[in-house]
Structures are given as structure tokens and as C-alpha cells.
Amino acid sequence: MTTFNQRFRFSFGPWNISEGGDPFGPEVREPYSHEKKFALYKSLGFDGVQFHDDDVVPGLDDLSAAEITRHAASAGETLNNEGLTPEFVAPRLWFAEETIDGAYTSNRQADRDYAWERTVKCMDIAKEINCKAIVLWLAREGSYIRESKNAKIAYERILETINRMLDYDDKLEIWIEPKPNEPTDQAYVPTIGHAVALSYASSDPARVKGLIETAHAQLAGLDPSDEMAFALAHGKLASVHLNDQNGLKYDQDKNFGSSNLRGAFNQVRVLVDNDFGKQGEFVGLDVKAMRTQAGSPVTDHLTNSRKTFLHLVDKVSTYDRDRETTLIDARDYEALELHVLEHLMGID
Ligand code: 3MF
Ligand code: MG
């Protein structure tokens, strides 16, 4: 029986409705404008929008501060009209020429200056659209070969930037989205443990939190639900990017639960058990539509992932915890495992 739990609010970013281009082939679907995407959110069951800074203000590198404010204000109005909440804005620090070898951790001062200026623009944009958080996916803060950067200095530079951001704006939160690799060989902030350490080392730990993406944890060889539990134990799980990953390969952003349903159940369980969402946190998705999917826009990957999440909320609420306790007390983990599998298969 399905009793969809209505207490959750969902978000995704406009990049999640994509045209299907990959490193080996061109786009295969008609482009769909951001404005038209925003008009779809509510009907798909989503209330929050995840943004890159240039999703709000396209071409911002070539615009003056006044022009950026004007564009951001008009984007904010569009969101208001659609009744949508901007969940976060993330500076896109992996695209420009200045970020070829990293942004905050580039060896070149001019690149680091660019990264800071871009981060300031991103914070200004967030403020203009009434968004309370900046996400740092530190895409190129890492190395392609170990000897190319001084890792200790790189870590110091990341912390320095976080403190500078906290100083620049006394309200915005910073949510770090760890990822262990891709595009770099080795990232400097690969896990939530690294992010939480940076938080405590910062000048305002209460405003530095984490965003955990399922696939990123899996790429680090870690269990996403344990990563979430770690952040929750420190009061630092600001958001999630639910998706899935079939083993250690490129970042797949598959539909939530599609590769590892048991892993997805455990993620939903840790979120539900710890009241995630009750302080207004969004259940964020970061899922990619299959290249084979025809039509424009493609949205089934979003609605299906949301549906799977809600089905798993039901699975969590109907899971027999008394039996679990009995089996744990008896230390009969063989039986406990079967109990979970049978529940997921609907054999209760
Ligand atoms: C990369 C990601 C990104 C980030 C996004 C927001 C395309 O692996 O997951 O999504 O989530 O840039 O920081
Ligand atoms: Mg993500």
C-alpha cells in the first residue's frame, strides 16, 4: 500500500533536464529553455531549484556588477511567479580558462583571483534571489598528477576561501559537496569527513555544512547512508543529491535506487529516522536522463526517482523494527539480512 509521505520537499537543477550530449556524441534532444523548465517544476512535484551561478545569470563573467544584479532580480521574479524556492547557488568554477588547473587551489595567483571574484558574484546572486546557501562542488580542487600541487597549501587555500566567504556575507551558509575524483584524478575534499573537518576549522562552523551525493560517496568506495549518518551526527547534513551508480566508473547519476535498491532504502531510512527535511531541507536529486530517451523535455528520470524515494519512505515506515531488535539482540545477522531483503521484495 502506498501512503506517500507529504512532508518532503524535492529539488533538482536545470542541468538535470539535459539534451543527452556525452563525451562521445552530440546532443540528441531539442534544447529546452530554463524558463520553460521552471514552469514544469511544480507539476512534476518539485518545489526547489538548484542553481549554478550562470543558470541564474548566463554569461556572468562578461557582465558588470549592476548588470548581474539586474539579471538576478529578474530571475528571482520568475521563481517567485512560479512559487519556487532557490535551494542553493553554486559557483561554476570548472569551465573557464582560469580554472583549467583548479580555482582556489590553482598554482597561479591570477586564477585564484578569478575564482574569488566569481565566488563573490555567486554570493551576490544568491542574495539577490533570496537564496540562503552556496554549494561548493570543488570540481577541480585536486590534482591530475600528485607532484603538480602542494596539497598542504591547497588545503589551506580552501579553508582561507571558506573563511573569506563567511566574512563577506554574515548570513549565507556554505554547503560543501564532496566528490573523490572526476574531473580530477584525486580531489582534495573527497568525503564528508573532509568537509566536516573544514567546517570545524572554519571561523563559523554553524554555517558550514555538507551536501552528500549518493554516487559521489559510492565513487569513494563508501556507503552513502553512513556518509549521511556522519553528517547528521554533527548536525551538518544540509542537503542530498540522491542518485545511483553501477560500480566504480564515470559519474553516472543514475536514477535513485536503480542500481542498489537496498542502499537506497538505507539512505531513505537514515534520512527519515533523523527527521531530515523537518527544518526545511530539500530532498535533492541529481539524476541524468538516459541518452536513449526521446522527446523534449525529458522528465521521467526525475519523477521516477522521486516516486522511488517516496515508495521507500513507505518501506521504512512498514519495516518491522521489533523483529529487527530481536534479531540484533540475538546477533542473528543472517536472519536480519533476509528480513530486510524480504521486506524489500514485499514478502512480509
Ligand atoms: C558533479 C555534480 C554537480 C553538482 C552541481 C552543484 C552537475 O558531479 O554532482 O552536478 O552537484 O554542480 O554543485
Ligand atoms: Mg551533485
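The values are calculated or read from the model by the stated rules, or taken from the named source; none is laboratory data. Not measured: the values here are computed from a predicted model. Every residue, glycine as well, gets a Cβ built from its backbone with ideal geometry; the counts of neighbours run over all protein chains shown. Note: areas computed on protein heavy atoms with side chains; ligands, DNA, RNA excluded. Shrake-Rupley method; radii C 1.70, N 1.55, O 1.52, S 1.80 Å.
How do the helices (runs of 4 or more DSSP H) wholly within segment 237-348 filter down when requiring 1 or more residues that are within 18 Å of Leu44 (Cβ to Cβ) and open to solvent by less than 40 Å² (accessible area, probe 1.4 Å): which remain?
Result: 300-318.
A quick yes/no check of all residues on (1) aromatic (Phe, Trp, Tyr); (2) under 19 Å from Ala187 (Cβ atoms); (3) within 16 Å of ligand 1 (Cβ to nearest atom); (4) in contact with a helix residue (DSSP H, G or I) (Cβ under 8 Å, 6 or more places away or on another chain):
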residue: Ala206; (1), (2), (3), (4): no, no, no, no
residue: Leu211; (1), (2), (3), (4): no, yes, yes, no
residue: Ser225; (1), (2), (3), (4): no, no, no, yes
residue: Gly235; (1), (2), (3), (4): no, no, no, no
residue: Asn246; (1), (2), (3), (4): no, no, yes, no
residue: Asp253; (1), (2), (3), (4): no, yes, yes, yes
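Could we say that Lys288 is within 16 Å of ligand 2 (Cβ to nearest atom) and either within 27 Å of Gln186 (Cα to Cα) or at pLDDT below 95 (or both) here?
Considered against the rule, which asks whether it is within 16 Å of ligand 2 (Cβ to nearest atom) and either within 27 Å of Gln186 (Cα to Cα) or at pLDDT below 95 (or both), Lys288 comes out as yes.
Does Thr119 satisfy the condition of being open to solvent by less than 70 Å² (accessible area, probe 1.4 Å), closer than 18 Å to Glu177 by Cα, away from ligand 1 (no atom under 16 Å from the Cβ) and under 22 Å from the mean Cα position of the chain (by Cα)?
no
May I ask you to verify whether Leu93 is at pLDDT 95 or above, within 16 Å of ligand 2 (Cβ to nearest atom), within 20 Å of Ser239 (Cβ to Cβ) and among the aliphatic types (A, V, I, L, M)?
yes
Restricting to segment 22-53, and then to whatever is within 25 Å of Glu97 (Cβ to Cβ) and without any contact (Cβ under 8 Å) to a residue 40 or more places away in the chain, can you tell me which residue is surrounded by the most Cβ atoms within 10 Å (Cβ to Cβ)?
Restricting to residues being within 25 Å of Glu97 (Cβ to Cβ) and without any contact (Cβ under 8 Å) to a residue 40 or more places away in the chain, the top hit is His34.
From Pro224, Pro178, grab the single residue that is within 17 Å of the chain's Cα centre (by Cα), crowded, with 19+ Cβ neighbours inside 10 Å, within 13 Å of ligand 2 (Cβ to nearest atom) and more than 21 Å from Ala90 (Cα to Cα).
From the options Pro224, Pro178, the qualifying one is Pro224.
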